[in-house]
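Asks: Below is one structure. I have some questions about it.
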Amino acid sequence: MITRIFPPVPQDIRDDVAILRANRIETLTPMLFLMLAATTPTAIYAGVATVHPVIRIGFPVILATAGIFGFLFLMHNRGRRMSPRRVRRMIREASWVSGVTGLMCSVWTVTNWLAAPPATHSYYAMIMAMGSLATAYCLSSIRFATFLNLGVGLAPIALLMLTSGHPPEIAAGTSLVIATLFLLRMVIQQHGQVIDLLELQRQMRDLAHTDPLTGLANRREFDLRLDQEIGAVGQDGHFAIALLDLNGFKPVNDQHGHAVGDLLLCEIAARLRQACGQHAVVARQGGDEFAILAPAGSPLLATSLADHILAALAAPYRIDGRPIRVGASIGTARWPDHGRTARKLCEVADTALYAAKAIDRDQTSSVESVGRVA
C-alpha cells in the first residue's frame, strides 16, 4: 500500500524529478504566500472573542509575517541556477514550513469552531478548506507535502463536521472528504505521469548520445564530455585523449559481410570498455573509428594510454566461430601540453593517428604526440 501511494523514484531521474518539483514550487508558492498574508486581516476579524489572543490574533500575525518574508525570499532567489543539493533543500523546507503553517491554521480553525455558535461553523470550515486545497495544489508535485497539509489541515475540521450531528454539516464534511480523496488520487496519478515523462526524456537523451550498435558514447557525447573536462580541469591538472582507427576492417566486411563486421565492432567496443573501466570515456566516432578520454585523476594517465589500449585489442577475435584479426592505430594528445582547446587536442591526436597508420597499415601501432612509436 505504501509503495502504491509513494512509489520510489528511479535513481537515474531523481535529480530531474527534484528540479521539476523545485521549479513548480518557485512558480506557484509566491502567490500562495501572498494569499496567506492577504487573508490575515479577515481571519483576525472573524475570530471569536473568547478565543485566547495568542491563537485568535497571534497565529494570523505570525502566518502573515511568514507569508510576506516567504514571498520576498522566493522572488529574490527566483531564476537562480539550482543545483540538486539546493533543490532538495528547498523541497524539504517547503514540506516542513507548509506543514507547520497548516498545523497553525488548523489549530486556529478548530479552536474558533469550538468557541463559535453552530450557525457560523460553516464559515471556519470554508476558510480552512480553501486554504488547505490551495496549498495542496501548489505543492502537488511533492507528495509528502500534499498528504501532510491535507492531513493536518482538513482531517480535524472534517472530523468535527462529520460528528457534529447536524445534517448540513455532515453532508458538507462528506463532500469535503470526497473532494480530498479525489485530489489525492489526482496527485498520485500526476506523479506517475511525471515519472513516465521524465524516463522517456532520459531514454531519448541517452539515445541521442549513444552509439546504437555498440552502446558506447557517440561523437556528440564525446565532444560534450571533452568540453566539460576542459572547463573543469584545474590549472595544474591534466588529461589525455586517444583517437583509434582499425586497420584491415574493410576486408572483414567484404569477405564475411556487414553482420560479422558489426559483431566485430561490438567485440572491440567491449574490449575497450573493459580496458578502460570507469576510468575513461570510450566513444565510437563512426565507422571503425573510436575515441577515448582519460579525465583528470584517471589511473590510466600514469601509463602509456596507447599501449594500454593496444594490448587489450591485440588478441585475435572469434566471430561466429571464425578467427579474425584486425590491427589498430592510435594517436594521443595530452592537455595542456598539446593544446588548451578541444579542437587543438583533436588535431594533434589526429595527426599522431595518421602518423601511426603510415608506419604499417597492416599492424597494430601507435604514435604518441611526442613522437614515440610503439
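Asks: Test R89 against the criterion of being open to solvent by 80 Å² or more (accessible area, probe 1.4 Å) and outside any helix (DSSP H, G or I), and give yes or no.
Replies: Values: open to solvent by 80 Å² or more (accessible area, probe 1.4 Å): yes; outside any helix (DSSP H, G or I): no.
No.
Asks: Can you give me the number of residues within segment 191-229 that are part of a helix (DSSP H, G or I), in contact with a strand residue (DSSP E or B) (Cβ under 7 Å, 6 or more places away or on another chain) and open to solvent by less than 50 Å² (accessible area, probe 1.4 Å)?
Replies: Initial filter on segment 191-229 (part of a helix (DSSP H, G or I)): 191-208, 219-229.
When the remaining residues are screened for being in contact with a strand residue (DSSP E or B) (Cβ under 7 Å, 6 or more places away or on another chain), the result is 219, 221-222, 225-226, 229.
Among the residues that remain, those that are also open to solvent by less than 50 Å² (accessible area, probe 1.4 Å) are: 221-222, 226, 229.
Here the count works out to 4.
Asks: Let me ask something else. Quick one: in segment 246-281, of everything that is closer than 23 Å to A358 by Cβ and not in a helix (DSSP H, G or I), which residue is most open to solvent (accessible area, probe 1.4 Å)?
Replies: The selected residue is G248.
Per-residue answers, yes or no, for (1) without any contact (Cβ under 8 Å) to a residue 24 or more places away in the chain; (2) closer than 30 Å to P10 by Cβ:
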residue	(1), (2)
I157	no, no
P168	no, no
A171	yes, no
L183	no, yes
V187	no, yes
Q190	no, yes
L198	no, yes
H209	yes, yes
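Asks: Something else about it: Does T109 qualify as being polar (S, T, N, Q) and open to solvent by 30 Å² or more (accessible area, probe 1.4 Å)?
Replies: Criteria not met by T109.
Asks: Still on this model: Picking from D350, D288, D337, which residue would you name as being open to solvent by less than 40 Å² (accessible area, probe 1.4 Å) and among the acidic types (D, E)?
Replies: D288
Asks: Restricting the search to segment 122-146, which residues are within 24 Å of T50 (Cβ to Cβ), open to solvent by 20 Å² or more (accessible area, probe 1.4 Å) and in contact (Cβ under 8 Å) with a residue 24 or more places away in the chain?
Replies: S122, Y123, I127, G131 - these are the residues of segment 122-146 that are within 24 Å of T50 (Cβ to Cβ), open to solvent by 20 Å² or more (accessible area, probe 1.4 Å) and in contact (Cβ under 8 Å) with a residue 24 or more places away in the chain.
Asks: A further question on this structure: Would you confirm whether any residue within segment 123-134 is more than 20 Å from I44 (Cα to Cα), modelled with pLDDT of 85 or more and of a type in the set (S, T, N, Q)?
Replies: There is no residue in segment 123-134 that is more than 20 Å from I44 (Cα to Cα), modelled with pLDDT of 85 or more and of a type in the set (S, T, N, Q).
Asks: From (1) over 35 Å from the mean Cα position of the chain (by Cα); (2) open to solvent by 70 Å² or more (accessible area, probe 1.4 Å), pick out the condition that doesn't hold for R185.
Replies: Every condition holds for R185 apart from (1).
Asks: Can you tell me which residue is surrounded by the fewest Cβ atoms within 10 Å (Cβ to Cβ) among those in segment 158-182 that are β-branched (V, I, T) and assigned to a helix (DSSP H, G or I)?
Replies: I178
Asks: Next question, about the same structure. Among the residues that make up segment 313-323, is at least one of them in contact with a Pro (Cβ under 7 Å, 6 or more places away or on another chain), over 17 Å from A242 (Cβ atoms), at pLDDT 85 or above and loosely packed, with under 13 Cβ neighbours inside 10 Å?
Replies: Taking every residue of segment 313-323 in turn, at least one turns out to be in contact with a Pro (Cβ under 7 Å, 6 or more places away or on another chain), over 17 Å from A242 (Cβ atoms), at pLDDT 85 or above and loosely packed, with under 13 Cβ neighbours inside 10 Å.
Asks: Then there's this: Would you say G237 is assigned to a loop (DSSP other than H, G, I, E, B), open to solvent by less than 30 Å² (accessible area, probe 1.4 Å) and either among the aromatic types (F, W, Y) or within 29 Å of G339 (Cα to Cα) (or both)?
Replies: Yes: the conditions hold for G237.
The values are calculated or read from the model by the stated rules, or taken from the named source; none is laboratory data. Treat the numbers as computed from the prediction; the structure is a model and nothing was measured. Ideal geometry is used to build each Cβ from the backbone, glycine not excepted, and the neighbour counts take in all protein chains shown. Note: accessible area is taken over every heavy atom of the protein model, side chains too, but ligands, DNA and RNA are not part of it. Shrake-Rupley method; radii C 1.70, N 1.55, O 1.52, S 1.80 Å.
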